[in-house]
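Working notes, structure below.
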Amino acid sequence: MQLLEYSFLRYAFWGSILAGIGCSLVGVLVVTLQIPFLGVAISHAAFAGAICGIVLGINPLWMAYLFCAIVTFIIGPLADKANFRPEISVGILFSLMLGLAFLFLANIPGAKTEALSLMWGSILTINRTQLLIMAITSLLVLLFLVFLFKQIKVVLFNRQVANSLGIPERFIYYTIIILCSLVITANMSSIGGLLIFSLLINPAASALQLCYTFSRVCIVAVVIGVGSCLLGLLLSYHWNLPTGAMIILVSSIIFMLSLIFSPKKGFLKKIFLLKESI
Amino acid sequence: MNYSTSEAVIVLDSVNVEYGYHQALHQVSLCVLANSCVTIAGPNGAGKTTLLASILGLCQIRTGLVKVLGRDLRDSPKFIRKHTGYVPQNVGIDPQIPLLVWDVISFGRLAHSSLFHNFSKKDKETIEEAAELVGIRHLLNRPFGYLSAGEQRKVALARVLAQQPKLLLLDEPLANLDLPAQAMLLELIDKIKSEKELTILLVSHDLTLLPKSCNQIVLMKKGRVILSASKEVALREDVLSNLYDCPVKVVPYKQRGAIFVEGKS
Ligand SMILES: Nc1ncnc2c1ncn2[C@@H]1O[C@H](COP(=O)(O)OP(=O)(O)OP(=O)(O)O)[C@@H](O)[C@H]1O
Ligand SMILES: [Mg+2]
C-alpha cells in the first residue's frame, strides 16, 4: 500500500516538472510573439476535442489533436496577417469550442468522471504513457529553442525584419503554434483543459516582469512553472483539493508577486539589474 | 530594356504591386547603378515603402521584373536578402520584449550564418564596430524596448551595418533623430558609401537634408515613378510643386538649398 502511494506520487512529481517545463516555455514564445489568444483558442479546442472523443468512444487524445489542428489552420493564417485583430474571431471560436464541449458533455452516457477530470485535471492519476508524451513534447520544445535560439529571437522581435534577413520566419511561426497545440494536448489531462491556459501564460508573464533577456525569461519562466506545479501538487495533496486548481492558484499568486517586485516598476531593482551579461 | 545590367545593382522593369484592390505600384521601372546613393521622395502613400519592399520581395509582385545585385528576385531571394540591409520605416516593438540592444544588432549577422550557428569572435567584433560607428556603444547592454524612438532608429542602423551588406535600403532614416544625429547619419552614409562600396537607397521627406554623395533623386507620386534624375534636375521649384501639388520654394544655400512649402495663399 505504501509502495503504491509512493509510485503514483512519483509519477505526479515528474508530471509536474514536465508540465512546468513544457507549458512555461511555450508560454514564453506565445506571449512574446503577442499571440496569447491563440493559446486560449487552442486549449479550448483541445478540451472540446477530448470530450468529443469520449462521447464517440475514440481516444480523446487523437480527437484533441484533430480539433487543435482545425483551430490552428483557421487562426494561424489569420493571425499571420499584419492587420489582424484577434478579439472577434477568437471570441467566436472560443465560445464555440466551449459550447461544443458542453454539448458533448451532456451526451456522455453514464458517469462523467473521465470528462470532468479532463476539465479540472488530475495529475495524481497520470500513467506512464501520459508521462512519456509529456516528456516528448517538452523535449521537442527544448530542442526547438536550443537549436533555433537566435532565429527565434528575430521572429519575436519583428517578423518582417526576420523575413528581410532571409530567416525562415514562417516556419518558425508555425512551429511555435504547432508546439503550442502539442504541449496543451499532452498536458490537458493532468492540469485540466480549462486551466491549462493560465499555466501557459502566468509563468511567462511573471518572468517578463522580472528579466530583460530572452534566455533569462526562459529560465525564470521554467523555474516559476515547475515551482507552481510542485507547490500546487504538494498543497493539493496536503489539503485534498483539486491539483490543477491549486497549480493555477499558486502561479497566479507568483504573477502578482512578480508585478509587485518587478524591477521594471522600480522595486528590488538592484537584485535583477543587468550588468555585463550577454 | 537597354540598361547595361552588369553595372546596375537594382533593375525594376514595369513592376506592378497590388494590395487587395489598391494598386500601390504602377508599371514602375527604375535603374540604380553600383555605388550610387539614391533618395526617393514623394507624398505620403506614393508607394515609397512598397518600392523598397518589392526590391526584397517582401510584397506580392503581380507582374514585372526585379533584378537585384545581378540576380532575378524570383530565382534567388535568399541571396538578395543576405546582401541587402533593410531598415523598415517604423517597427512597432513591445517595450516588454526581452531583448538587449546587443541582441538586436546581432540579428544583422544572422543573414550570413546558417541555422544552428554560433557567433564567432569576428561576428562579435563586427557587432561592436557597428555600434561604435553609430555612436551607441554605451547602449549595448540596455533593454531595446525601453529606448527612445531615435535610439531605436540608431540601433536599426547598426543592425544593418553589422550585416555588412552590398545594398542598403533605408526607409526614412532621419525620422525621430535629433539635429546632430541627423547630421551624423548623413555623414555616416557618405562615409560608409565611400569606404565599403555600398549602394544606398533611402526614402526621405526632407529634401534639404540629403547625403552629399546622393547622386540620384527618384520622385514618386500615386504609385508611379514620375522622375529619376540628378539633384539639379529634380530639386527645382516647378518639379517639386507638381510633385506635391502645392507651391514649393527652393532657396539656394551653399551648395544645397532649403526647400519648403510656400503656402497656398
Ligand atoms: N499592407 C497593405 N495593405 C493595403 N494597402 C497598403 C498596404 N501597405 C500599403 N498600402 C497602401 O499602398 C499605398 C502605398 O503605401 P506605401 O507604404 O508604399 O506609401 P509611402 O510612400 O511609403 O508613404 P509614407 O510616406 O506615408 O510612408 C498606400 O496608399 C497604402 O495605403
Ligand atoms: Mg513609407
Point to revise | Index of the failed condition, B:Val104 passing every other in (1) at the interface with chain A (Cβ under 8 Å from one of its Cβ atoms); (2) in contact with an Asp or Glu (Cβ under 6 Å, 6 or more places away or on another chain) | key: (2)
Check your understanding: Before we move on, is B:Gly92 outside any helix (DSSP H, G or I) and free of Cβ contacts under 8 Å to residues at least 24 places away in the same chain?
Key -> yes
Review point. Among the residues of the stretch B:124-133, is any more than 10 Å from every other protein chain (Cβ to nearest Cβ) and closer than 18 Å to A:Leu148 by Cα?
Key: no
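With the condition kept exactly as written, say whether any residue in the stretch A:94-110 is under 27 Å from A:Ile172 (Cα atoms) and either touching a residue at least 12 places away in the same chain (Cβ under 8 Å) or not acidic (Asp, Glu) (or both).
If we filter the stretch A:94-110 for residues that are under 27 Å from A:Ile172 (Cα atoms), which is where we start, we get A:94, A:97.
Filter once more, keeping what is either touching a residue at least 12 places away in the same chain (Cβ under 8 Å) or not acidic (Asp, Glu) (or both): A:94, A:97.
Looking for residues that are under 27 Å from A:Ile172 (Cα atoms) and either touching a residue at least 12 places away in the same chain (Cβ under 8 Å) or not acidic (Asp, Glu) (or both), one finds at least one in the stretch A:94-110, hence yes.
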Study note, to complete from the structure: If we keep only residues of the stretch B:197-227 that are of a type in the set (Lys, Arg) and not in a strand (DSSP E or B), then the residue nearest to ligand 1 (Cβ to nearest atom) is B:Lys222
Exercise for review: Just give me the residues in the stretch B:214-233 being crowded, with 17+ Cβ neighbours inside 10 Å, within 29 Å of B:Ile192 (Cα to Cα) and in contact (Cβ under 8 Å) with a residue 24 or more places away in the chain, in sequence order.
Suggested key: B:Cys214, B:Gln216, B:Ile217, B:Val218, B:Leu219, B:Met220, B:Val225, B:Ser228
**Study point:** Selected residue [within 16 Å of ligand 2 (Cβ to nearest atom), at pLDDT below 85 and assigned to a loop (DSSP other than H, G, I, E, B)] from A:Ala111, A:Ala82
**Key:** A:Ala82
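Looking at B:Ser120, B:Ser113, B:Ser148, B:Ser106 in this structure, which one is modelled with pLDDT under 90, more than 19 Å from the chain's Cα centre (by Cα) and within 29 Å of B:Thr50 (Cβ to Cβ)?
B:Ser148
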Check your understanding: Considering the stretch B:228-262 alone, what residues qualify as being more than 16 Å from ligand 1 (Cβ to nearest atom) and either touching a Phe, Trp or Tyr at 6+ places or on another chain (Cβ under 9 Å) or within 14 Å of chain A (Cβ to nearest Cβ) (or both)?
Key -> B:Val248, B:Lys249, B:Val250, B:Val251
Point to revise | Answer from B:Arg159, B:Arg137 - the residue that is charged (D, E, K, R), without any contact (Cβ under 8 Å) to a residue 12 or more places away in the chain and more than 16 Å from ligand 2 (Cβ to nearest atom) | key: B:Arg137
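Identify the residue in the stretch B:56-98 that is out of contact with any helix residue (DSSP H, G or I) (no Cβ under 8 Å at 6 or more places or on another chain) and within 11 Å of another protein chain (Cβ to nearest Cβ) and, among all such residues, is surrounded by the most Cβ atoms within 10 Å (Cβ to Cβ).
Here is the first cut: in the stretch B:56-98, the residues out of contact with any helix residue (DSSP H, G or I) (no Cβ under 8 Å at 6 or more places or on another chain) are B:60, B:62-65, B:67, B:70, B:72, B:74-76, B:78-79, B:82-83, B:90, B:92.
Going one step further and asking which of them are within 11 Å of another protein chain (Cβ to nearest Cβ), we end up with B:76, B:78-79, B:82-83, B:90, B:92.
Numbers: B:Ser76: 14, B:Lys78: 13, B:Phe79: 15, B:Lys82: 17, B:His83: 19, B:Asn90: 13, B:Gly92: 5.
Result: B:His83.
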Review point. In the stretch B:107-123, how many residues are within 8 Å of chain A (Cβ to nearest Cβ) and acidic (Asp, Glu)?
Key: 0
Check your understanding: crowded, with 20+ Cβ neighbours inside 10 Å, charged (D, E, K, R) and under 29 Å from A:Leu18 (Cβ atoms): does that describe A:Lys112?
Key -> no
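Is the stretch A:168-177 home to any residue that is out of contact with any Lys or Arg (no Cβ under 8 Å at 6 or more places or on another chain), over 27 Å from A:Trp14 (Cα atoms) and of a type in the set (Ser, Thr, Tyr)?
First, the residues of the stretch A:168-177 that are out of contact with any Lys or Arg (no Cβ under 8 Å at 6 or more places or on another chain): A:168, A:170-172, A:174-177.
Still in the running and over 27 Å from A:Trp14 (Cα atoms): A:168, A:170-172, A:174.
With of a type in the set (Ser, Thr, Tyr) added as a condition, the list becomes A:174.
Within the stretch A:168-177, one or more residues are out of contact with any Lys or Arg (no Cβ under 8 Å at 6 or more places or on another chain), over 27 Å from A:Trp14 (Cα atoms) and of a type in the set (Ser, Thr, Tyr).
Every residue, every condition in (1) surrounded by 14 or more Cβ atoms within 10 Å (Cβ to Cβ); (2) touching a Leu at 6+ places or on another chain (Cβ under 9 Å); (3) among the polar types (S, T, N, Q), yes or no:
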residue: B:Ser113; (1), (2), (3): yes, no, yes
residue: B:Asn118; (1), (2), (3): no, no, yes
residue: B:Lys121; (1), (2), (3): no, no, no
residue: B:Lys124; (1), (2), (3): yes, no, no
residue: B:Glu128; (1), (2), (3): yes, yes, no
residue: B:Leu133; (1), (2), (3): yes, yes, no
residue: B:Leu139; (1), (2), (3): yes, yes, no
residue: B:Gly145; (1), (2), (3): yes, yes, no
residue: B:Arg153; (1), (2), (3): yes, yes, no
Point to revise | Leading residue by the ranking (farthest from the other protein chains (Cβ to nearest Cβ)) among those in the stretch A:150-176 that are under 20 Å from the mean Cα position of the chain (by Cα) and free of Cβ contacts under 8 Å to residues at least 60 places away in the same chain | key: A:Thr175
Review point. Can you tell me how many residues in the stretch B:164-183 are away from ligand 2 (no atom under 16 Å from the Cβ) and farther than 10 Å from B:Tyr86 by Cα?
Key: 9
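Results for (1) near ligand 1 (Cβ under 8 Å from one of its atoms); (2) surrounded by fewer than 18 Cβ atoms within 10 Å (Cβ to Cβ), shown as yes or no for each residue.
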{"residue": "B:Leu12", "(1), (2)": "no, no"}
{"residue": "B:Glu18", "(1), (2)": "no, yes"}
{"residue": "B:His22", "(1), (2)": "yes, yes"}
{"residue": "B:Gln27", "(1), (2)": "no, yes"}
{"residue": "B:Pro43", "(1), (2)": "yes, yes"}
{"residue": "B:Leu51", "(1), (2)": "yes, no"}
{"residue": "B:Ser54", "(1), (2)": "no, no"}
Review point. Among A:Val183, A:Val226, A:Val220, which is within 14 Å of chain B (Cβ to nearest Cβ) and in a helix (DSSP H, G or I)?
Key: A:Val220
Point to revise | Some residue of the stretch B:169-185 being at positive phi, in contact with a Lys or Arg (Cβ under 7 Å, 6 or more places away or on another chain), surrounded by fewer than 18 Cβ atoms within 10 Å (Cβ to Cβ) and outside any helix (DSSP H, G or I) | key: yes
Exercise for review: Evaluate the stretch A:160-182: report whether one residue or more is buried (at least 23 other Cβ atoms within 10 Å of the Cβ) and within 19 Å of A:Gly53 (Cα to Cα).
Suggested key: yes
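The values are calculated or read from the model by the stated rules, or taken from the named source; none is laboratory data. The model shown is predicted, which means the values in this text are computed figures rather than measured ones. Note: ideal-geometry Cβ built from the backbone for every residue, glycine included; neighbour counts use all protein chains shown.
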